[in-house]
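Contents: one structure, followed by commentary.
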Amino acid sequence: MKKILFVFAIFSLVIVSCGETKKEEVKKEVESVKEEPKEAAASADDLLAMGEKLFTDKTCVSCHQLDAKIVGPSIKDIVKVYDDKNGDIVEFLKGNQEAIVDTDPGQVAIMKANLDGFVKDLKEEELKALAAYMKSAE
Ligand code: HEC
């Protein structure tokens, strides 16, 4: 009887240890399959820097100053209206949203000419950068 018990004990030990290595293997596999973290998306700072550069390169700055109205409303005025009315600057730049800051048709036409001239070729990320820059400017 003792012998049988002993054999049984060995047998179950073998089963348990096999089970364990299996588990280890599976765990290792799962770990190696886990994706490497994707390259971090452009950081907020990069986005702002890109927006600031575009704001100059795309001539926005010649009509939009931070604090003062020149040809177009100031950045601060634009951002304030967008905040108040829950507008989306990116959608405006894409031409999907009517003007909400200055709705005078003459003024809208000036801005519209810019959207057609400079903005329509910009990528989504660039539009987001412009919007982020405007919102951050103060
Ligand atoms: C030639 C002058 C001019 C340039 C250049 C210009 N804008 Fe404008 N912008 C205007 C005028 C005028 C308005 C007011 C009319 C209006 O609100 O649509 C305006 C309005 C806006 C508004 C508010 C739109 C709304 O909802 O009323 C945003 C946002 C804006 N401009 C962003 C930009 C960006 C970004 C650029 C550069 C890519 C740019 N503008 C270049 C003249 C200009």
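Brief remarks on what is shown
- Under 12 Å, Cβ to Cβ, from Leu54 - net charge with Lys/Arg +1 and Asp/Glu -1: -1
- Pairs of lysine residues in segment 62-138 that meet both criteria, 8 or more places apart or on different chains and Cα atoms under 12 Å apart, total 7.
- Segment 44-136 - convex hull of the alpha-carbon atoms, volume per residue in Å³: 88
- Put a dot 7 Å past the Cα of Asp45, heading toward its Cβ, do the same for Lys85, and the two dots end up 3.5 nm apart.
- Calculated accessible area for segment 44-136 comes out at 60 Å² per residue, all protein chains present (probe 1.4 Å; ligands, DNA, RNA ignored).
The values are calculated or read from the model by the stated rules, or taken from the named source; none is laboratory data. Owing to the predicted nature of the structure, the values given are computational and were not obtained by experimental measurement. Don't worry about glycine lacking a Cβ; one is built from the backbone with ideal geometry, like all the others, and counts go over all protein chains shown. Heads up: the accessible areas ignore ligands, DNA and RNA and are worked out on the full protein's heavy atoms, side chains in. Shrake-Rupley method; radii C 1.70, N 1.55, O 1.52, S 1.80 Å.
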